[in-house]
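Below: one structure, written as structure tokens.
The values are calculated or read from the model by the stated rules, or taken from the named source; none is laboratory data. This one's a predicted model, so the numbers in the text were calculated from it and none came from an experiment. Neighbour counts are summed over all protein chains in view; Cβ atoms, including those assigned to glycine, are modelled from backbone coordinates with ideal geometry. To get the accessible areas, we keep the full protein, side chains included, count just its heavy atoms, and leave off ligands, DNA and RNA. Shrake-Rupley method; radii C 1.70, N 1.55, O 1.52, S 1.80 Å.
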Amino acid sequence: MVNVRFRGVELEESAKSEEARRRNPTAEAERELLDSLADSYLPDAANIENWQRLAGFSIGITSLLIEDFLTHPFIVVRRQCMVNSTARLYHLTPFSVCHIMLQIKRKQGLSTFWKGQGSKLAVRGMNLMAELLISHVTNEQLPREVSGSSTTLTQLAGHFIGKSISIIVTLPFYTASIAETVQTEQIEKKRSPFTFIKEGVFRLIGWQNSTKGHGRLLPLWALVAPTMLHGLVHYVITSCLQHLILTRHKKTTRRESENSEQRPMMEAYFPELMASLTGTVLTEILLYPLETVVYRLHLQGTRTMIDDTDNGFAVVSLCTNYDGFLDCFSRIKSEEGLAGFYKGFGALLLQYLVQYLVLRFTKGIYMAISHDYRGGSTNK
């Protein structure tokens, strides 16, 4: 019916095209070729969604690597402040931290802020491999991951047991990694990438085999309970906060109309990243005093030299004599006050400010890429 009604119009258009071909056959052929190529290569909805997923995953991985690289300097300074029991300045604000970082940079150069990053990543990889191996050897009786809806108490208990074992297995290397992160480079600048592995093995088989240890060094078994307590509590609180934030976010988004094609992709990635960041920040603030105690116990007796966080130029030797977890906690409170548990807190604020900015920048890049894909589909 449409062809009959508009047959005159179609004949007129056909006549115009024929006339255009006679006048300029080359230009008309080029136009038809470009039109056919555009129809062939413009992505359909399925391809757009697949490319958006790939872009989101790639950008997410890249942002995590950049985030880890950019935030490591604040981890270095924060840990140095936390273990410095004799420091007069507590660096509770970002302004104080920026000043001391500038002083350290003038003395040792910018590269000093990335010491220990390799060992930190190596310990993280060891922990992941230990969890996977434990889960595989026990035939998922100690699962590495559990789903919230269908998890039984037995599975949950096995999950925590598996994590506890992985913490114990990587404990000596975790100690060596902390020492490598905080030690000053004014005395020893060149270190082998595998030095922390050697020191971790020494700590495991007995510190008398090393030339660094002395009588105040705590035995490895004395570090198991506080380290496991910090690791498991940190994991539980972070997971619960992340779940609560995501649940609340999903309830909010259900009440809102989906008015763009970009929304499903945004809901797949960035709410989880933001929930993870928020949960981690709140957990770090909550457990900051416990982390301070754990770090001091790990480094006691290791004869580690750190940068003087009061002036940024001198070096300080870690000379503490805690009997254990409770003694360390009570002595920090009595000798340094409650604020002593939060030494270096300004560096923590800077660390997560950088992480938030990286996340926002990542979201902007993803939105721009998604906009380009939508534009291509719309033009079609």
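Numbers for the structure displayed
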quantity: Filtered residue count, region 333-352, keeping only those that are surrounded by fewer than 22 Cβ atoms within 10 Å (Cβ to Cβ) and either in contact (Cβ under 8 Å) with a residue 60 or more places away in the chain or of a type in the set (S, T, N, Q) (or both); calculated: 9
quantity: Selected residue [touching a residue at least 40 places away in the same chain (Cβ under 8 Å) and of a type outside the set (Val, Ile, Thr)] from Ser119, Ser135; calculated: Ser119
quantity: Region 215-238, subset open to solvent by 50 Å² or more (accessible area, probe 1.4 Å) and in a helix (DSSP H, G or I), residue modelled with the lowest pLDDT; calculated: Trp221
quantity: Qualifying residue in region 68-80 (condition: surrounded by 14 or more Cβ atoms within 10 Å (Cβ to Cβ), modelled with pLDDT under 90 and within 29 Å of Tyr342 (Cβ to Cβ)); calculated: yes
quantity: Hits in region 296-319 - residues which are under 19 Å from Arg88 (Cβ atoms) and in contact with a helix residue (DSSP H, G or I) (Cβ under 6 Å, 6 or more places away or on another chain); calculated: Arg296, Ile306, Asp307, Thr309, Gly312, Phe313, Leu318
quantity: Among residues of region 172-214, those that are at pLDDT below 90 and in contact with a strand residue (DSSP E or B) (Cβ under 8 Å, 6 or more places away or on another chain), counted; calculated: 2
